[in-house]
1. Count charges around residue 55 for me, please; just the other residues with Cβ under 11 Å from its Cβ, Lys/Arg as +1, Asp/Glu as -1.
2. Tell me, 77, 136 in order of fewest to most beta-carbon neighbours within 10 Å?
3. Please give the net charge around residue 132, taking every other residue with its beta carbon less than 15 angstrom from that of residue 132, where Lys and Arg add +1 and Asp and Glu add -1.
4. How far, in nm, would the chain grow between residue 28 and residue 162 when pulled straight, counting 0.36 nm per residue and subtracting the alpha carbon separation?
5. On a 22 Å Cα-Cα criterion, which of the cross-link pairs 8/50; 80/166; 17/166 come out too long?
6. Mind giving me the nanometre distance, one decimal, between the label points for residue 125 and residue 145, set 7 Å out from Cα along Cα→Cβ?
7. For an R0 of 35 angstrom, estimate the FRET efficiency from the Cβ-Cβ distance between residue 10 and residue 116 and round to the nearest 0.05.
8. Pairs of Cα atoms under 8 Å, at least six residues apart: use those to get the relative contact order of the range 6-171, whole percent.
Amino acid sequence: MTGVNSWKYKGQFKNDKISGKGRFRWNNQKEYIGEWDNNELSGYGILINKNDRYVGYFTHNNKHGYGATFYNGQSALLGKWKNDNIEGNAILITFIDLEKSNNYNIDDDENIENNFQFIKTQKGEIIRNNLDNEELTKFKSSKEYSNMVLLYKKKFYPDYIKSIEKFNNDKNMSINNNESGNI
């Protein structure tokens with residue numbers, strides 16, 4: 001990996017390459033826990049960069065497929081990524097009031113939708129803050145919307161919460177320390 005001065009890895013290898021499931025920390029700034037193939041982030045995983053966490057799918061070290069980026073525990077951007085950029089319709093979810101509320105339940109569709117903002121993205125940028133009524137109706141009746149919400153409720157959000165708990169309890173992980181410029 002370009003720009004990696006120091007790294008720690010614990011996980012599976014195949015033919016002397018990182019492949020399978022593993023945990024990688026580089027330059028004491030970023031951490032990835034998930035699936036690898038031939039030294040690349042590939043498959044499902046969690047990428048932690050400071051206070052932000054991306055939970056979702058990767059191909060060739062890039063976010064690729066459905067995923068959610070959680071920003072400092074206050075919001076999440078849920079959508080579909082292509083080559084590290086969010087593309088198409090996406091959902092911005094705000095947590096500020098939800099995390100303080102004892103009534104919050106991730107399986108409560110009405111509670112979640114009250115905190116959704118439906119947006120349009122292109123090449124990683126938000127190009128419109130709100131979909132118009134026709135676009136919103138079409139999006140909410142699409143399989144893509146159903147997939148996003150289901151993955152968010154059943155996989156991304158629970159894994160995000162688990163990752164916070166795990167990392168708070170596991171700050172002193174003991175894994176092999178290797179020094180290298182590249183993998």
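Each value in this text was obtained by applying a stated rule to the coordinates, not by laboratory testing. Note that the coordinates shown come from a computational prediction; the quantities given were computed from them, not determined experimentally. No Cβ is skipped: glycine too gets one built from the backbone with ideal geometry, and neighbour counts run over all protein chains shown.
1. +2
2. Ascending number of Cβ neighbours within 10 Å: 136, 77.
3. So the environment of residue 132 carries a net charge of +2.
4. Computed gain between residue 28 and residue 162 is 46.2 nm.
5. Among 8/50; 80/166; 17/166, the Cα-Cα distance tops 22 Å for 80/166; 17/166.
6. 2.7
7. The pair residue 10/residue 116 has a calculated efficiency of 0.40.
8. Answer for the range 6-171 is 12 percent.
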